């Protein structure tokens, strides 16, 4: 008995073996190799919301990502980790014509970064994006509710804001399609304040919606994103990662936290890191309860709805037609009873690093919900039919077809990220990252940079590791690491974060300056684009199905 | 082994021993005394969101309700059940002066049903209530999303609607105070469409906010509301109610549903009724998963935040001062760091049937969240201080003081009801009451009449009982009961509810007529009130603390 007790005494217990939890464990072990760390995971695999699978490919077999897949150079935390783990990247293919189906069933082609909308819709969209970027730049990432207009913005949905700001159907539809893929929800379901914060944490809306240099869809990882977690688990030591046994009880006493699992495993540690999304935490009984603010906050933080589809091909026939493989659609035609909109919101070229052609499509928000209620056969037909509207009948001659419904993935219960519903942000600062006694929080939802992305998972994991090490063994921390930790760990209930204020004020000033410059450049680019677009308007044709060449 | 199997084979398994689940079991047993029914409950008591406790009273000891307590004559389902169970009612005391603290810290007294707002605020409020009642009367209770403006209304929060409709601070504050108590949330957190539906199911906003004849706060139950569940449990047979053992797994096969509990109990039945709120269902593993629409819907249906306080006294000192004990406040002065508003939203006289004096107060929405993070001592002081602002220093000389934080009540996880967040109603018709294979749904959230109230719990329980009996043993149903059941049981996935349409069209016509008449009468009353109020304006004085006599 006493042996068992000793065996299961840890320095830190991490709950969740996704990128965030494993990064936390890895960061601790890196700074303190002696530290006894265990990572507990309910799934029978590591990787969380990343999952890499083999598919039949033009060369026989290759690997594709059914979960998180993209990174960009401005995502410094994941970039640094990839270097450390020896993982290589390759660019997302974006050359050639793109298609849009926005606010109407017909398809238009375009080649710029911005959909080919009417002049009014473009001006409308431009005006909106300018406002969004101004608003988001004013927010404090630590406490968005400190903004003078925070209560007003939190009390409305993004849809309510879009409906009162936009005048054109096309601009409205472009936003809806984007939100479905970025957050897995409808614009009516998300707090406008939280949407602004999400943009802020990514450095602006351009970074989120584009696939150009430095943006969120810039690069992919050679061999797949799940390798990040697999290599991290190897480095931590496979024995230190317990799979397929979900945590059921977390009991906090004055000195320790005792964690129990469904299969009867029990362990204890002075500190634990919860690196699981809010929905997964609902399955855990906390004794005592988590703070009232956190429980209330989590009530208003559901996970997005997302299904991802990969279709592999012998040839990248779209590239032969000078098509990029990219589409953006707010649904197009309703073809099946029970589904008021078509399945796809966004598609991209998904050709692997080894050159095996493939397309990837996303069903997000209510499209993910209604299409999942259909049979697999009906859904596959609808997805391929939707692909065919843009890329022609060649889409039907595929090598392999796979879909991943993240909504039924245990302990994720959705993807890509948990968003905040209107009115749900009041306790943000008191809940999102503030340690609850001996419990610390990681997970991409708790990131301050690129929250909702793999990079955010890394940043949050590292932050939580520093927090815990600062309480456990501050001597292992470098000088430069300590101030951040001091501030974060000091965020006990009812304490105000005064120093943080000064720091983030400075950050805001620098960010504002950067934003002003990039906004100026953006405006210039947009003006040039609009000028070029309308000067050469006769060249842009509207086609139902685009001809080859 | 086979014995055990036989022993635990039931005709119906009911999950949840609140009013709804017990009514379902009772309704089944009444129509088919042979039916083998078991009711499973996670709490160690029956009653769900009702709970009656003994407190020190002026006569020694008496009983008070810490949960649901009020009923009204228009709540036909609970009235009928009370008669059947032999429970008696008594009127809520509302005579005398009331107080308000709306949009300001100072206190005003009034005697009518409507707070003493300025002429503009009264007109503002009147205009809003008229609009709300017109909108709600147009909704279909079966499918509110069928209304032409449903998507628009669901995409905004109640706050967004109030902010764009109301011009005065007083009218806005009155609404916020009401929503905190009625639904346990902030107006920013709730879908405007759902709020309208909630009003619709109660027959209009007057029924919800007043304590006059036929409204929701008309009567109380002699001896307390938990008796309803206690007597129902007796009638069903105490052995048929298993307490303190939460359901963990619900496995549905082609012929049966197998239910397992935390303590290892297993039982099976051809049909089960889930009579637990959405949040409680999240703790159960469903195999296969509940329908995608239901899961998505439940994601957007958090439970309200609510703390209820009862303070007992030797004498009803407020009655001596011709005060009713009623206040409405949107928070008043912030007195404690971390709590931006005062604790109380609504108070009432809570004198028991036996005449033992008491006051009851409600902390709802964010007030319930922030005040719960304070120590019990600080919270009690703040509550009594807030009472004293209205009723004077006599409030401090109490006999007994009890508070019930419903947020930490296991398997309720909040009170009074689960509301829908903005954008969350899309799958309402497909999820709220539609059976999921062999799983039927009860609970006040699934009611079509007085959802969120005890009466709704009864109505939903009876409806689910009829649904199950129709599939299990239709011969036991009376002719009159069958059509409803046919329609409800026919609501399988992907089917449209055509007949229901015609029926509810007729209902809507009748209800519209009733509404038109009551609206007319309401307008008349309001006009008379406004006339009287301003004719006799000099009599209404503004007082910080009201003098006796």
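The values are calculated or read from the model by the stated rules, or taken from the named source; none is laboratory data. No experiment lies behind these values; they were computed from the predicted model shown. Every residue, glycine as well, gets a Cβ built from its backbone with ideal geometry; the counts of neighbours run over all protein chains shown.
Key figures
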read-out: Any chance residue B:324 is more than 18 Å from the chain's Cα centre (by Cα) and either surrounded by 24 or more Cβ atoms within 10 Å (Cβ to Cβ) or closer than 25 Å to residue B:187 by Cα (or both); value: no
read-out: Failed condition for residue A:360, given (1) in the same structural domain as residue A:58 (by TED's automatic domain parsing); (2) crowded, with 24+ Cβ neighbours inside 10 Å; (3) under 27 Å from residue A:52 (Cβ atoms); value: (2)
read-out: Positions within the stretch A:231-243 being within 24 Å of the chain's Cα centre (by Cα) and surrounded by fewer than 18 Cβ atoms within 10 Å (Cβ to Cβ), in sequence order; value: A:243
read-out: Number of positions in the stretch A:387-446 that are in a strand (DSSP E or B), within 13 Å of chain B (Cβ to nearest Cβ) and within 30 Å of residue A:287 (Cβ to Cβ); value: 2
read-out: Subset of the stretch B:349-378 [in a helix (DSSP H, G or I) and within 30 Å of residue B:419 (Cα to Cα)]; value: B:366, B:367, B:368, B:369, B:370, B:371, B:372, B:376, B:378
read-out: Selection from the stretch A:103-137 of residues that are part of a loop (DSSP other than H, G, I, E, B) and buried (at least 18 other Cβ atoms within 10 Å of the Cβ); value: A:103, A:107, A:114, A:115, A:116, A:117
read-out: Sole residue being in contact with a helix residue (DSSP H, G or I) (Cβ under 7 Å, 6 or more places away or on another chain) and assigned by TED's automatic domain parsing to the domain that holds residue B:329, chosen from B:141, B:107; value: B:107
read-out: Pairs with Cβ under 7 Å, 6+ apart, first in the stretch A:270-297 and without any contact (Cβ under 8 Å) to a residue 40 or more places away in the chain, second part of a loop (DSSP other than H, G, I, E, B); value: A:282/B:282; A:292/B:373; A:295/A:289
read-out: Flag if residue A:167 is crowded, with 20+ Cβ neighbours inside 10 Å, closer than 21 Å to residue A:332 by Cα and not assigned by TED's automatic domain parsing to the domain that holds residue A:425; value: no
read-out: Residue among A:169, A:131 that alone is away from chain B (no Cβ under 13 Å) and modelled with pLDDT under 95; value: A:169
read-out: Residue count for the stretch B:244-261, restricted to those that are closer than 20 Å to residue B:45 by Cα and either in contact with a helix residue (DSSP H, G or I) (Cβ under 6 Å, 6 or more places away or on another chain) or surrounded by fewer than 15 Cβ atoms within 10 Å (Cβ to Cβ) (or both); value: 1
read-out: Flag for residue B:166 being under 22 Å from residue A:160 (Cα atoms) and touching a helix residue (DSSP H, G or I) at 6+ places or on another chain (Cβ under 6 Å); value: yes
read-out: Filter result for residue A:355 (touching a strand residue (DSSP E or B) at 6+ places or on another chain (Cβ under 6 Å), at positive phi and either surrounded by fewer than 17 Cβ atoms within 10 Å (Cβ to Cβ) or modelled with pLDDT of 95 or more (or both)); value: no
read-out: Check on residue A:192, modelled with pLDDT of 95 or more, in contact with a helix residue (DSSP H, G or I) (Cβ under 6 Å, 6 or more places away or on another chain) and either assigned by TED's automatic domain parsing to the domain that holds residue A:370 or surrounded by 19 or more Cβ atoms within 10 Å (Cβ to Cβ) (or both); value: yes
read-out: Residues being part of a helix (DSSP H, G or I), within 23 Å of the chain's Cα centre (by Cα) and within 20 Å of residue A:304 (Cα to Cα) - total across the stretch B:262-294; value: 4
read-out: Condition met for residue A:381 (part of a strand (DSSP E or B), farther than 30 Å from residue A:11 by Cα and not assigned by TED's automatic domain parsing to the domain that holds residue A:246); value: no
read-out: Residue in the stretch A:344-351 that is crowded, with 22+ Cβ neighbours inside 10 Å and more than 19 Å from residue A:182 (Cβ to Cβ) present; value: yes
read-out: Leading residue by the ranking (farthest from residue A:280 (Cα to Cα)) among those in the stretch B:295-315 that are more than 11 Å from chain A (Cβ to nearest Cβ) and within 20 Å of the chain's Cα centre (by Cα); value: B:310
read-out: Residue match in the stretch B:261-274 (condition: on the phi > 0 side of the Ramachandran plot and not assigned by TED's automatic domain parsing to the domain that holds residue B:440); value: no
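For every residue, the table says whether it meets (1) under 22 Å from residue A:375 (Cα atoms); (2) modelled with pLDDT under 95.
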position	(1), (2)
A:284	no, yes
A:299	no, yes
A:307	yes, no
A:314	no, no
A:320	no, no
A:327	no, no
A:333	yes, yes
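Okay, residues lined up against (1) under 24 Å from the mean Cα position of the chain (by Cα); (2) more than 24 Å from residue A:217 (Cβ to Cβ):
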| position | (1), (2) |
| --- | --- |
| A:107 | no, no |
| A:130 | yes, no |
| A:135 | yes, no |
| A:145 | yes, yes |
| A:160 | yes, yes |
| A:169 | no, yes |
